[in-house]
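None of the figures in this text is laboratory data; all of them are computed from the coordinates on show. Here the structure is a predicted model, which is why all the values come from computation and not from measurement. Here the Cβ positions follow ideal geometry from the backbone for every residue, glycine too, while neighbour counts run over all protein chains shown.
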Amino acid sequence: MARPLLTDFELMILLAILRTGDQAYGVPIARELEAAGRRNVAVAAVYAALDRLERNGMVASRMGESTPERGGRARRLFQVPSQGIKAARETQRALVALWSGLPELERRL
Amino acid sequence: MKTSHSAHLALAVLNRLACRNEPLAGDLLEEFQARQSGLWLWGQLLLALLMGSFRQPRVPVALNLTPIDPVVAAWLAERRLGMTKKVNLTGTPIEGVGGLSAVILGFLLSTVVPDIWWFVVGGIVCGAAFGTAMVLARSKRPMGADGQIHNGQLKDLFAA
């Protein structure tokens, strides 16, 4: 059975985690998405997608340190394992394959 | 930190729900400190509630399969599910006759025996007249300046 492709939001989240680095948790991931998409992002929606990705083995999480501005609550730090990187590459390949051969879209790039 | 009343309320709700999803609650609090917008916090909180992010995690319960007599099973089901206690939620004194049933009943009465509406209207008028008479009779009772009947006035009332 072929590996399922990621949705656009899941792909954006994986890329945001990779861009953020070691300290990838809800707030910086949401900020990356907001900066890229120029729209507000619900933090709960980010967590819902992250939970789904973690169940499918596309991301891994661990609990980080807590800070006073978080009311003493711990951060949940995310990273992308090799399976997630593979899924992101396969989704990219599928999108590029669909994208190619469409001159009206290539002109806008 | 200066926060509005609505933001205080949102923070109170968030603190209440925080134990169910601590990382999300911490993230919302951290971002709220940066944005200082009660509207943003309410929006995020409502979306989180709608998406079930603060839902209580389900604890799996082991099935206890026991051979049981059907009569005892029915009794247990009635007791556990509370099927014996019926509550009238129709808004009318007659059980099972609610809003739609009342409309249908009214329609049937209007088409089959329209004269019965004279009794209904008469009943309403008599009820209103009786209520008005009761209010007037009550207002004529001797009362003190504070609106209460005192001992001396009660004696006069009985003497009359």
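Rundown of residues vs (1) small (Gly, Ala, Ser); (2) touching a strand residue (DSSP E or B) at 6+ places or on another chain (Cβ under 6 Å); (3) over 24 Å from B:Asn15 (Cα atoms), yes/no style:
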| position | (1), (2), (3) |
| --- | --- |
| A:Arg19 | no, no, yes |
| A:Ala42 | yes, no, no |
| A:Leu53 | no, no, yes |
| A:Pro68 | no, no, no |
| A:Ala74 | yes, yes, no |
| A:Val80 | no, no, yes |
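For the range A:57-109, the tally of residues that are touching a residue at least 24 places away in the same chain (Cβ under 8 Å) and over 18 Å from A:Met12 (Cα atoms) stands at 3. Can you confirm whether the range A:28-38 contains a residue that is facing chain B (nearest Cβ under 10 Å), in contact (Cβ under 8 Å) with a residue 40 or more places away in the chain, farther than 26 Å from B:Leu46 by Cβ and not acidic (Asp, Glu)? There is no residue in the range A:28-38 that is facing chain B (nearest Cβ under 10 Å), in contact (Cβ under 8 Å) with a residue 40 or more places away in the chain, farther than 26 Å from B:Leu46 by Cβ and not acidic (Asp, Glu). Among the residues of the range A:50-85, those identified as among the aliphatic types (A, V, I, L, M) and facing another protein chain (nearest Cβ under 10 Å) are A:Leu50, A:Met63, A:Ala74, A:Leu77. The residues of the range B:10-45 that are charged (D, E, K, R) and in contact with an Asp or Glu (Cβ under 8 Å, 6 or more places away or on another chain) amount to a single one, B:Glu30. When the range B:1-42 is filtered for residues that are crowded, with 20+ Cβ neighbours inside 10 Å and hydroxyl-bearing (Ser, Thr, Tyr), nothing remains.
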